[in-house]
Amino acid sequence: MMRNTTAGTPRAAKTPGRFAGACLTVGLILLSALLILVSFAATTEIDAPDAFPGIKDNRSGLVLLILILGLAALLGAAATAPRISRKALPTAAVGLACALLLAAAGYRAYTLAPMLKCWGHESLAHNADDSYTCHDRRI
């Protein structure tokens, strides 16, 4: 004889669903962290004009797409977090991780925004006054 919960669903049937939801949430958080890290790494040469002087390829559109995908994964993790556990600790841990990644993504968007004015150009250069100059290498 099996004991039912108040919703009428056996307790054993809820456990695999919560485990799968927890794995999905952790996977989405890790994917989001990876994509946000890649968005920082993709423009390292442009962000450091002293270490890498000169004209660099314009990857700002690609970096923006990677950042948007990272934010989508982060929102997915935040949406699945309340469903994995009714206890406060796992939900708070996921909330803290999401808040930290959201802050990192916000900083990345802040540093990426000046580069986006060169959206239609092939190359750009980071000037000493933190402005960007757009270039096209057409012959």
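The values are calculated or read from the model by the stated rules, or taken from the named source; none is laboratory data. Remember, predicted model here, so these are calculated numbers, not experimental data. Ideal geometry is used to build each Cβ from the backbone, glycine not excepted, and the neighbour counts take in all protein chains shown. For accessibility, only protein heavy atoms count, side chains too; no ligands or nucleic acids. Shrake-Rupley method; radii C 1.70, N 1.55, O 1.52, S 1.80 Å.
Looking only at residues of the range 96-113 that are open to solvent by less than 40 Å² (accessible area, probe 1.4 Å), over 10 Å from the mean Cα position of the chain (by Cα) and not β-branched (Val, Ile, Thr), we find that the one that is farthest from residue 84 (Cα to Cα) is 112.
Identify all residues within the range 30-58 that are in a loop (DSSP other than H, G, I, E, B) and in contact with a strand residue (DSSP E or B) (Cβ under 9 Å, 6 or more places away or on another chain); write none if there are none. Break it down into steps so the answer makes sense when it comes.
Our first condition is that a residue be in a loop (DSSP other than H, G, I, E, B); within the range 30-58, this holds for 42-43, 48-54, 58.
Correct list: 43, 48, 49, 52, 53, 54, 58.
Among the residues of the range 39-61, what is the count of those that are open to solvent by 60 Å² or more (accessible area, probe 1.4 Å) and either in contact (Cβ under 8 Å) with a residue 24 or more places away in the chain or in contact with a Ser or Thr (Cβ under 9 Å, 6 or more places away or on another chain) (or both)? Full working, then the answer.
Start the filter on the range 39-61 by keeping residues that are open to solvent by 60 Å² or more (accessible area, probe 1.4 Å), which leaves 40-41, 44-45, 50-53, 55, 57, 59.
If we keep only those that are either in contact (Cβ under 8 Å) with a residue 24 or more places away in the chain or in contact with a Ser or Thr (Cβ under 9 Å, 6 or more places away or on another chain) (or both) as well, we get 40, 51-52, 55, 57, 59.
Number of matching residues: 6.
Among 76, 120, 27, 70, which is within 18 Å of residue 134 (Cα to Cα) and either assigned to a helix (DSSP H, G or I) or free of Cβ contacts under 8 Å to residues at least 24 places away in the same chain (or both)? Steps first, please.
Values: 76 fails: within 18 Å of residue 134 (Cα to Cα); 27 fails: within 18 Å of residue 134 (Cα to Cα); 70 fails: within 18 Å of residue 134 (Cα to Cα).
Unique residue meeting the criteria: 120.
Scan the range 69-90 for residues that are open to solvent by 50 Å² or more (accessible area, probe 1.4 Å) and over 18 Å from residue 33 (Cβ atoms) and the total you get is 6.
Among the residues making up the range 79-92, those that are part of a helix (DSSP H, G or I) and farther than 16 Å from residue 24 by Cα are 88, 89, 92. How about the range 108-122: which of its residues are modelled with pLDDT of 90 or more and of a type in the set (Gly, Ala, Ser)? Passing the criteria: 109, 113.
Residue 116 meets all of the listed conditions (1) closer than 30 Å to residue 18 by Cβ; (2) touching a Leu at 6+ places or on another chain (Cβ under 9 Å); (3) surrounded by fewer than 18 Cβ atoms within 10 Å (Cβ to Cβ) but one, namely (1).
Screening the range 1-38 for residues that are small (Gly, Ala, Ser) and at pLDDT below 65 and picking the one that is surrounded by the most Cβ atoms within 10 Å (Cβ to Cβ) gives 13. Checked against (1) closer than 30 Å to residue 136 by Cα; (2) at pLDDT 80 or above, residue 48 passes all but a single condition, namely (2).
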